[in-house]
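Have a look at the structure below, then the notes.
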Amino acid sequence: MTAITSLLLGAALGVAHGLAGLVIARLARGASGNVLATVILGGTALRMMMVLGVVALLLLFSSVQIASFITGLGVTFVIGLIAEVFLLLRHSSATPTRA
């Protein structure tokens, strides 16, 4: 597998992870308190396990170039996490706090 293909494959996995995070953040938007924490943390744990599983399978059973793959995954993974944090912070600032 070429370096460009490995880079794009890693980027695609990172984008899928980021999109799943945004979907989970949207689902948690109406929740509050313990439910919000459960949805966000549970969704994050599930996404992390799925990414780890896909990475392990790709590294074991395909000929990806590791450096290119990890670079593509890492960049899009971080961008997705930043987008998710901004979305959650915007949600928390829009929600009135109880006194």
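Quick notes
- Selection status of Leu22, surrounded by fewer than 19 Cβ atoms within 10 Å (Cβ to Cβ) and either part of a helix (DSSP H, G or I) or not charged (D, E, K, R) (or both): yes
- Answer from Val15, Val35 - the residue that is among the aliphatic types (A, V, I, L, M), over 11 Å from the mean Cα position of the chain (by Cα) and either within 18 Å of Phe86 (Cβ to Cβ) or modelled with pLDDT under 85 (or both): Val35
- Flag for Met49 being over 10 Å from the mean Cα position of the chain (by Cα) and touching a residue at least 12 places away in the same chain (Cβ under 8 Å): no
- Checklist (1) in contact (Cβ under 8 Å) with a residue 40 or more places away in the chain; (2) surrounded by fewer than 16 Cβ atoms within 10 Å (Cβ to Cβ); (3) over 10 Å from the mean Cα position of the chain (by Cα) applied to Leu27, failing item: (1)
- Test: residue in the range 41-51 that is farther than 13 Å from Leu81 by Cα, among the polar types (S, T, N, Q) and out of contact with any Lys or Arg (no Cβ under 6 Å at 6 or more places or on another chain): no
The values are calculated or read from the model by the stated rules, or taken from the named source; none is laboratory data. Keep in mind it's a predicted model, so treat the numbers as computed, not measured. Quick reminder, even Gly has a Cβ in these numbers, built from the backbone with ideal geometry, and neighbours come from all protein chains shown.
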